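Novice: Please find one structure pasted underneath; my questions will follow.
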Amino acid sequence: MTGGPLIPTEYARLAKEFLRGELTAAQFSLAILAGYKKETLYFENDAAEAMSALFYAAESYCDDEALRDERDIDAQQLAAAATAFVSFVDRIDPDDPS
């Protein structure tokens, strides 16, 4: 991941790579957190909610089961959040090729 802030379709691309097994849950989580930290775009309404949900899931992901508490999520739950985000982006941008 290089360059400037990510746009929603780029987050969707990362989510799809994760769901296809091209990124581990840890790699996906770190990529989302890094992109979100740099984000300069302002998202409104549903897009803001979808972005927040994805960021919250990435931030809540804990790879180590021994360290995970009730506020943390595992890879399966992170995948569910990624799937929900991809579905949202596909609804607002059905032509997205990612």
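All of the numbers you see were taken from the coordinates with simple rules; none came from a lab. Given the structure is predicted, the values throughout are model-derived calculations rather than measurements. Quick reminder, even Gly has a Cβ in these numbers, built from the backbone with ideal geometry, and neighbours come from all protein chains shown.
Novice: Spin-label point model (7 Å from Cα, Cβ direction): what's the GLN77 to ARG20 distance in nm?
Specialist: Going by the 7 Å Cα→Cβ label model, 2.8 nm.
Novice: Just in the stretch 16-78: which GluC sites (Glu not before Pro) are loop by DSSP and have at most 13 other Cβ atoms within 10 Å?
Specialist: Values: sites: GLU17, GLU22, GLU39, GLU44, GLU49, GLU59, GLU65, GLU70; in loops: GLU22, GLU39, GLU44, GLU65, GLU70.
Within the stretch 16-78, the qualifying GluC sites (Glu not before Pro) (loop, at most 13 other Cβ atoms within 10 Å) are GLU22, GLU44, GLU65, GLU70.
Novice: Quick one: net charge around ALA75, please, counting Lys, Arg +1 and Asp, Glu -1 for every other residue with C-beta under 12 Å from its C-beta. Can you show the working numbers first?
Specialist: Values: positive: ARG68; negative: ASP63, ASP64, GLU65, ASP72, ASP74.
It works out to a net charge of -4.
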